[in-house]
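Input: a single structure, listed below in structure tokens.
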Amino acid sequence: MSGGGEKRILQDINKNKKNKNFAYFVALTVVPVFAIIVMFSYAFFHIRDSVRFTSHEITGLRVIAQIERAVFNIQKLRGLMCMENTDEKSIENIKTIKENISKDLAILKEYSKFIENDTSLKNELLKYIDSFGNHTLLENTNYYYLTEVIHDFMRFSSRLSYHCKLILDSNFNSYILIDNIVFLLPELIEYNGQIRAVALSTQNSALATNQREYIKTQENKIKEKLEKLNYNLSLYYENRNGNEIKDAHNGALKAQDAIIELVNNEFLNSENLLYEASEIYNITTKNIDSIIDLYNESLKKLNIILEKRLNKDKEISIFIILAGFCSILFIIFINVLFYKRNRKFINKIEELTITDAMTTLHNRRYFDLVFDNLLKSQKRARQTLAFIIVDIDHFKQYNDTYGHQAGDNALKTVANCLKNSLRRDGDFAFRLGGEEFGVLCTGLDDSQAFDFADGIRKKVEEEKVEHKKSTVSRYVTISMGLIVVKPGLVNSVNDVYRYADEALYKAKKNGRNQVVVYNEMQ
């Protein structure tokens, strides 16, 4: 082929490369920008979900805390209502507690309106609160009725802890406080409250047998809950400095010991109660309030943890937006600067993308580009195009025998033979994949193309790379399928490749280590 023809082929390829340079620039800008958008969007939405999760927790915790405030007052009301005889101070306490309960329920109703997602739970709670609108809760003095109301509210509290994801909190310290606030402390306080109510319901200053048994049962429940509470808080202290909670915890333990001592000495081991009902109420209530102090301190600490987490997540979300925006601007700026000042590096990058890393031959991507251009150019120039498929004989057996490192060296040896056989600018060698190679040459007739291919075959064998498992030779050999395309006879790259592959198949079938020319179309 003439130098001008070869030059035109290369010019066509280079022109296509130049036309793609701007597209590459756009790609190098758009793809990273898109990746940044995706990455920061994912991070932002992840943090946003965390913000929603924590906000949901805080809303649920606020409703649960208000439920427990109402429950603590209902427990006091239940105790006072169980007194056989009430003095003026007790009557005044009852009036004050009823007013507090009414306020608690009104606040709870407002808080409940902010419960999200589960309208059935919210509506059920609001309906339950409205059911006390006729003051049945405040007027009914029945112990079992008030106890059932307390249990109903505690069930709502438990359901809210799941609905608002509190019980799913992944932070260890938060989870411990949630477990204490939602379950352990309310149950512990309720068991103590039941003891107070039963003790105040005595007649003639004496407890009936069934009342004693009931108090014993509640005492056992208290010990069980207290053991779990102490274990939870011991874990909390190990992972966090909780001096405020520790002080409240010590106060609650002393108060609980006082209640148990009162139960054992006054209620269980004495035939007659030594204290008046009002004294029993004041003693037990004072100690129960100390346990409630632990509840309030735990609630306060948990609120602080959740609020800090929420604020931190909000700050991170703002940072993510700013960081993402700045990253996009930076990428665009750098790419513009890179494109303007480093076009030669862009070309180098292009070169790297068309080169096989192991053999340094052109890769399959560049083969597809060059093959199509050469086929079109040889038709215009009325020149022949020779295409050779090269396959290393019994390469799997070579790898199995000598190992993959030796296999890589064999591939490089064959590649060097191909590379050293090229003489003109219009000749190209490629690694097509695995142990398969390709060669494209222009301007050769059938005889010249065959001699060129056979010369490559001989060079490979003369390298004398040992291959003792080969059935062809003692050394590494190659089989080759050759087709010489005359102008206008074949216009499809796929057809040319298929014809050469058929010739390669015949070379292998005929014993390998040879060149077979496809000539059925002539």
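The values are calculated or read from the model by the stated rules, or taken from the named source; none is laboratory data. If you're wondering where the values come from, they're calculated on a predicted model, not measured in any experiment. For neighbour counting, all protein chains shown are included, and Cβ atoms are generated from backbone atoms with ideal geometry for every residue, glycine included. With ligands, DNA and RNA removed, areas are computed over all heavy atoms of the protein, side chains included. Shrake-Rupley method; radii C 1.70, N 1.55, O 1.52, S 1.80 Å.
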Q | Among (1) surrounded by fewer than 15 Cβ atoms within 10 Å (Cβ to Cβ); (2) outside any loop (DSSP other than H, G, I, E, B); (3) without any contact (Cβ under 8 Å) to a residue 24 or more places away in the chain - the single one S170 does not satisfy | A | (2)
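Any idea which of D451, D427, D446 is in contact (Cβ under 8 Å) with a residue 24 or more places away in the chain, open to solvent by 10 Å² or more (accessible area, probe 1.4 Å), among the acidic types (D, E) and at negative phi? Please lay out each step first, then the result.
On the way: D451 fails: in contact (Cβ under 8 Å) with a residue 24 or more places away in the chain; D427 fails: in contact (Cβ under 8 Å) with a residue 24 or more places away in the chain.
The match here is D446.
So that you can scan it fast, the table gives a plain yes or no per residue for (1) of a type in the set (S, T, Y); (2) outside any helix (DSSP H, G or I); (3) open to solvent by less than 80 Å² (accessible area, probe 1.4 Å); (4) touching a Pro at 6+ places or on another chain (Cβ under 6 Å):
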position: Y236; (1), (2), (3), (4): yes, no, yes, no
position: N250; (1), (2), (3), (4): no, no, yes, no
position: K254; (1), (2), (3), (4): no, no, no, no
position: D257; (1), (2), (3), (4): no, no, no, no
position: N265; (1), (2), (3), (4): no, no, no, no
position: Y275; (1), (2), (3), (4): yes, yes, no, no
position: E297; (1), (2), (3), (4): no, no, yes, no
Q.
Just to verify a result, which residue in the stretch 462-502, among those that are loosely packed, with under 14 Cβ neighbours inside 10 Å and among the hydroxyl-bearing types (S, T, Y), is nearest to the chain's Cα centre (by Cα)?
A. S492
(Q) Contact list please: Cβ distance under 9 Å, first residue in the stretch 258-275 and among the small types (G, A, S), second residue modelled with pLDDT of 75 or more and surrounded by fewer than 14 Cβ atoms within 10 Å (Cβ to Cβ), pairs at least six apart or on different chains. (A) A258/K286
Q: Among the candidates S161, S102, S131, S120, single out the residue that is small (G, A, S) and either under 27 Å from E276 (Cβ atoms) or surrounded by 17 or more Cβ atoms within 10 Å (Cβ to Cβ) (or both).
A: S161
Q | Residue tally, condition in contact with a helix residue (DSSP H, G or I) (Cβ under 9 Å, 6 or more places away or on another chain) and open to solvent by less than 90 Å² (accessible area, probe 1.4 Å), over the stretch 79-98 | A | 12
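Mind counting the residues in the stretch 348-368 that are at pLDDT below 85, among the hydrophobic types (A, V, I, L, M, F, W, C) and open to solvent by 60 Å² or more (accessible area, probe 1.4 Å)? So that I can check it myself, show each step before the final result.
Just the residues of the stretch 348-368 that are at pLDDT below 85, to begin with: 348-354.
Applying the additional criterion that residues be among the hydrophobic types (A, V, I, L, M, F, W, C) yields 349, 352, 354.
Next, only the ones that are open to solvent by 60 Å² or more (accessible area, probe 1.4 Å) stay: 349, 352.
Qualifying residue count for the region: 2.
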**Q.** Breaking point among (1) touching a residue at least 40 places away in the same chain (Cβ under 8 Å); (2) farther than 11 Å from A199 by Cβ, for K286
**A.** (1)
Q. Taking the stretch 38-74, which residues are more than 23 Å from L185 (Cα to Cα), open to solvent by 30 Å² or more (accessible area, probe 1.4 Å) and touching a helix residue (DSSP H, G or I) at 6+ places or on another chain (Cβ under 7 Å)?
A. F40, A43, F44, R48, S50, S55
Q: Considering every residue within the stretch 366-377, establish whether at least one is within 47 Å of the chain's Cα centre (by Cα) and of a type in the set (K, R).
A: no
Q: Just give me the residues in the stretch 163-201 being more than 30 Å from N85 (Cβ to Cβ) and among the charged types (D, E, K, R), in sequence order.
A: K165, D169, D179, E187
